[in-house]
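Working notes, beginning with the structure itself.
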Amino acid sequence: MAAPRTLVEKIWAAHVVAELGDATDLLHIDRVFLHERSGGRMLQGLTAAGRTVFDPAMALGTLDHIIDTDPGRTDKTKFPGGAEFIAAFREGTRAAGIKVFDIGDPAQGIVHVIAPELGAAQPGLTVVCGDSHTCTLGGVGALAWGIGVTQGEHALATQCLPAARPKQMRVRFEGRLADGVTAKDMVLHLIRTHGARGGEGCALEYAGEAVRALSCAGRMTLCNMAVEFGAWTGIVAPDQTTFEFLQGRAYAPQGPQWDLAAAWWKTLGSDDGAGFDREMVIDAAALSPSVTWGTSSEQTVGIAEPVPLPGSFADGAARGSAEKALAYMGVTPGQPLKGLAIDAAFIGSCTNSRIEDLRAAARVLAGRKVAAGVTAICVPGSTPVKRQAEAEGIDRVFMAAGFQWREAGCSLCFYNGGDSFGGARRVISSTNRNFENRQGPGVRTHLASPLTVAASAVAGVIADPREWLRR
Amino acid sequence: MDPFVRLQGVAAPMPIDNVDTDAIIPSKETQSTARSGYGEKLFANWRYLAGTREPDPDFVLNRPRHAGAQVLVAGRNFGCGSSREAAVWALSQFGIRAVIAESYGAIFRNNCIRNGVLPVMLPIAAVEQLLAELADAGRAPVVAVDLRAGTVRAPSGAVFGFEIGALEREMLLQGADEIELTLKQRHLIDAFRARDRALRPWVYADAGQEPSHAQDP
């Protein structure tokens with residue numbers, strides 16, 4: 001009988017090409033996903049070094065980071081210099097023979113949204129992409145992590161990457177979430193409790209009753225923010241929910257190949273008695289909607305709690321960070337966030353832009369209007385998500401409420417010098433990063449679930465979605 | 001890649017946690033696919049007065065005391081956030097060859113090693129002492145970092161040992177091209193794929209799972 005292993009240890013072992021010593025292995029990389037922000041640079045670097053793409057069929061690309069999300073968009077972008085990135089990306093992928101889901105393609109969208117949607121991200125695959133939120137794909141059981149441009153060249157040129165064996169961490173969310181509390185609130189609570197470096201050096205497996213009960217979309221939200229927890233990646237063991245999500249998708253295995261694949265996928269869950277370096281249990285039933293007050297995702301409170309006092313932080317660097325964040329955010333220690341006036345609301349990004357997220361927001365928005373003076377924007381994560389929402393009439397709910405309804409892309413998750421909230425200062429956002437200036441010069445970002453964003457948009461102040469849900 | 005062996009130089013203190021790569025190089029500053037020209041863009045939102053290219057005299061790298069800094073000292077989780085490698089290009093093109101912090105964002109740290117920038121990890125107590133000494137106007141803000149010895153010498157002369165993986169140390173000391181090293185293992189990659197194709201045929205494109213809509217005209 002083999003020693004019990006974790007989910008990540010099993011996937012890892014299936015990919016070791018060579019042991020390099022120093023607790024580092026050369027891993028085979030099954031899929032490289034590319035986008036126009038870093039993909040063109042990788043391919044340019046590869047060409048400049050006289051190298052070629054090892055296996056173009058193991059790479060896929062899309063346009064998401066730089067392209068505009070306004071209806072009728074073209075190659076001309078609000079982001080200065082965007083055309084150069086788009087041209088370099090198209091030229092590089094065409095020369096290498098890599099399939100790209102371009103503007104106008106019915107499958108185009110945010111890379112981490114379309115990869116599972118296409119069935120190209122699958123359980124047990126190793127996946128890399130030049131984007132830190134590649135860990136999102138752990139939501140379908142892939143071992144996926146973000147890399148820089150140099151490592152992207154490496155993966156493209158060799159179909160391999162050296163990787164240090166991570167520590168094994170498991171977080172079990174036991175119990176059931178209350179209505180109005182979502183995967184976003186789970187992960188913000190985790191980061192708030194254990195810090196933005198709480199998962200440092202770890203592969204984080206999310207488990208427990210509340211995780212099993214999540215759709216693949218919710219699991220992707222959890223895994224998306226593993227990087228905000230400082231983890232190397234996050235993952236959820238594949239199960240029936242995963243298989244039902246993947247079956248029949250364009251890049252998923254078909255016919256006898258599906259049966260072979262599914263048989264392996266079913267063996268991947270962590271064994272009873274598998275050793276975790278760290279394990280924690282969180283009572284999911286006790287969670288409430290979470291909102292960030294500062295400029296790190298660890299600076300989070302429950303919707304009814306006050307912003308902490310800077311004196312409550314232990315040492316110099318932590319207190320310095322809290323004081324800097326309080327000053328930037330213009331929030332008052334000791335005061336709750338609930339009731340704080342907002343200027344804008346954003347629903348989108350690889351964290352929370354899937355059809356489940358839009359349906360949830362529509363539960364709050366139906367028959368209501370965005371408060372006067374609030375700029376509200378919804379950017380579906382992919383063109384298929386947008387089409388699905390339109391088929392369900394969700395687009396009309398958003399637009400009737402006063403939301404802009406955009407084309408798919410990363411959009412205002414980050415400010416690149418082009419698109420903006422038009423002078424709005426305080427934004428409630430379903431995205432993943434509340435860093436200084438992340439969504440625009442001086443913009444103050446409060447991260448929250450799509451439900452909380454929708455409720456706040458209607459209220460005109462940060463609001464508790466549980467008070468706004470249609471029953 | 002330039003090797004990193006040792007350096008002695010001016011260090012700048014940044015006594016905060018979670019300095020993210022958006023702060024190190026804002027997205028709006030990366031408007032070209034080029035890998036050069038990032039030195040002047042380092043910390044652009046903090047370094048210049050709002051909406052200008054006028055240096056903010058209060059920002060640590062603009063203070064005469066820290067002019068020509070080659071080392072940056074910060075708190076925990078330095079370089080968290082976006083994978084943008086331009087964060088490391090900006091540091092190195094500005095002249096920063098080593099960062100000292102309690103911990104790092106994993107992708108940023110990987111990017112440092114592959115660009116000849118040394119990410120030193122020290123316990124928080126040592127980091128706090130370094131930050132205090134660098135802020136002490138009575139001392140020259142100079143530190144020495146020796147990768148082979150694995151030591152940092154503080155302005156006071158105190159010496160802190162640090163650890164780094166042997167593979168990463170060698171890559172920095174040699175200025176090695178990691179892709180070249182992996183390409184030398186080509187026979188192992190081919191052997192792995194032959195074995196793996198038998199075990200996991202669905203992972204490979206020739207397993208009959210070519211998607212129907214993937215052809216371009």
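Bear in mind that the values in this text are calculations on the coordinates, not laboratory data. On a predicted model such as this, the values are computed, not experimentally measured, just so you know. Here the Cβ positions follow ideal geometry from the backbone for every residue, glycine too, while neighbour counts run over all protein chains shown.
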Quiz item: Can you give the average number of partner chain beta-carbon atoms within 10 Å of each beta-carbon in peptide A:170-182, as a whole number?
Solution: 0
Self-check item: Viscosity 1.002 mPa s, temperature 20 °C, Stokes-Einstein D of region A:175-319 from Kirkwood C-alpha radius, µm²/s
Solution: 126
Quiz prompt | Top of B:W46, B:W89, B:W202 by mean-square fluctuation, Gaussian network on chain B, Cα under 10 Å | solution = B:W202
Self-check item: Percent of alpha-carbon pairs separated by more than 18 Å within region A:147-199
Solution: 57
Quiz item: Along the principal axes of its C-alpha atoms, what lengths does region A:103-192 span, in descending order and rounded to whole Å?
Solution: 47, 40, 23
Quiz item: Where does the charge balance sit around B:E40 when Lys and Arg score +1, Asp and Glu -1, over other residues with C-beta under 11 Å from its C-beta?
Solution: +2
Practice problem: Provide Rg and Dmax in Å for region A:56-104, with only Cα atoms included in the calculation. | Solution: 11.3, 32
Self-check item: Estimated distance in nm for a label pair at A:W264 and A:A250, the labels positioned 7 Å out from Cα along Cα-to-Cβ
Solution: 2.3
Quiz item: Sequence-distant or interchain residues sharing an amide H contact under 5 Å with A:F101, placed H: which?
Solution: A:G61, A:T62, A:L63
Exercise. Quote the Stokes-Einstein diffusion coefficient, in whole µm² s⁻¹, for region A:343-454, based on the Kirkwood radius over alpha carbon pairs, a temperature of 4 °C and a viscosity of 1.567 mPa s.
Key: 95
Exercise. Kindly work out what percent of the DSSP beta bridges joining two residues of chain B are antiparallel, to the nearest 5.
Key: 50
Self-check item: Beta bridges per DSSP with both ends in the protein assembly as shown, % antiparallel, nearest 5
Solution: 35
Exercise. Output the Kirkwood hydrodynamic radius of region A:245-328, Cα pairs only, in Å rounded to one decimal.
Key: 17.9
Quiz item: What's the average, rounded to a whole number, of partner chain beta-carbon atoms within 10 Å of each residue's beta-carbon in B:10-20?
Solution: 6
Practice problem: Enter the Cα centre distance for the pair region B:1-48 and region A:187-245, rounded to the nearest angstrom. | Solution: 30
Exercise. Mind giving me the nanometre distance, one decimal, between the label points for B:A132 and A:A2, set 7 Å out from Cα along Cα→Cβ?
Key: 5.2
Exercise. Please work out the ratio of the alpha-carbon Rg of region A:27-66 to 2.2 N^0.38 Å and round it to two decimals.
Key: 1.20
Quiz item: Relative contact order (percent) for region A:225-358, with alpha-carbon contacts under 8 angstrom and 6 or more residues of separation?
Solution: 16
Self-check item: Rg/Rh (Cα only; Kirkwood hydrodynamic radius) as it applies to region A:394-471
Solution: 0.97
Exercise. Against the globular-protein guess of 2.2 N^0.38 Å, express the Cα radius of gyration of chain B as a ratio, rounded to two decimals.
Key: 1.24
Quiz item: Of the residues B:L134, B:L199, B:L188, which exhibits the maximal mean-square fluctuation in a Gaussian network model of chain B defined by a 10 Å Cα contact cut-off?
Solution: B:L199
Practice problem: Among DSSP beta bridges lying fully in region A:120-257, give the percent that are antiparallel, nearest 5. | Solution: 5
Quiz item: What percentage of all Cα-Cα pairs in region A:32-91 are separated by more than 16 Å?
Solution: 46
Practice problem: Could you order peptides A:155-164, B:119-128, A:216-225 by the average number of other Cβ atoms within 10 Å of their residues, highest first? | Solution: A:216-225, A:155-164, B:119-128
Quiz item: Relative to a virtual label point 7 Å from the Cα of B:V142 in the Cα→beta-carbon direction, which members of region B:70-113 show backbone nitrogen distances below 16 Å?
Solution: B:70-71
Practice problem: Mind counting lysine pairs for me in the protein assembly as shown? Cα separation below 18 Å, and the two need to be 8 or more apart along the chain or on different chains. | Solution: 6
Quiz item: How high is the FRET efficiency between A:R387 and A:E209 when r is their beta carbon distance and R₀ equals 30 Å, given to the nearest 0.05?
Solution: 0.35
Practice problem: Calculate one ³J(HN,Hα) per residue across region A:90-105 by plugging θ = phi - 60° into the Karplus curve 6.51 cos²θ - 1.76 cosθ + 1.60, and present them in order as whole Hz with x for glycine and proline. | Solution: 5, 5, x, 5, 5, 4, 8, x, 9, 5, 10, 9, 8, 3, x, 6
Quiz prompt | Total charge dipole magnitude, region A:263-351, about the Cα centre, Cβ charges on Lys, Arg, Asp, Glu only, Debye to nearest 20 | solution = 300
Quiz prompt | Where N is the number of residues in chain A, Cα Rg divided by 2.2 N^0.38 Å | solution = 0.94
Quiz item: What does the helix-only formula give at 222 nm for chain A: each DSSP H stretch with n ≥ 4 adding -39500 (n - 2.57), the total divided by the residues, and the result rounded to the nearest 500 deg cm²/dmol?
Solution: -9000 deg cm²/dmol
Exercise. For n ≥ 4 DSSP H runs only, could you compute -39500 (n - 2.57) per run for chain B, divide by its residues and tell me the 222 nm figure to the nearest 500?
Key: -8500 deg cm²/dmol
Quiz item: Taking the inverse of the average 1/r across all pairs of different Cα atoms in region B:77-137, what Kirkwood radius in Å do you get?
Solution: 12.1
Quiz prompt | Added length on full extension, which subtracts the Cα-Cα distance from 0.36 nm per residue, B:S156 to B:A198 | solution = 9.0 nm
Self-check item: Largest-first principal axis extents, alpha carbons of region B:36-100, Å
Solution: 28, 24, 23
Exercise. Give me the orientation-averaged projected area of the Cα convex hull of region A:66-137, in nm², one decimal.
Key: 5.6
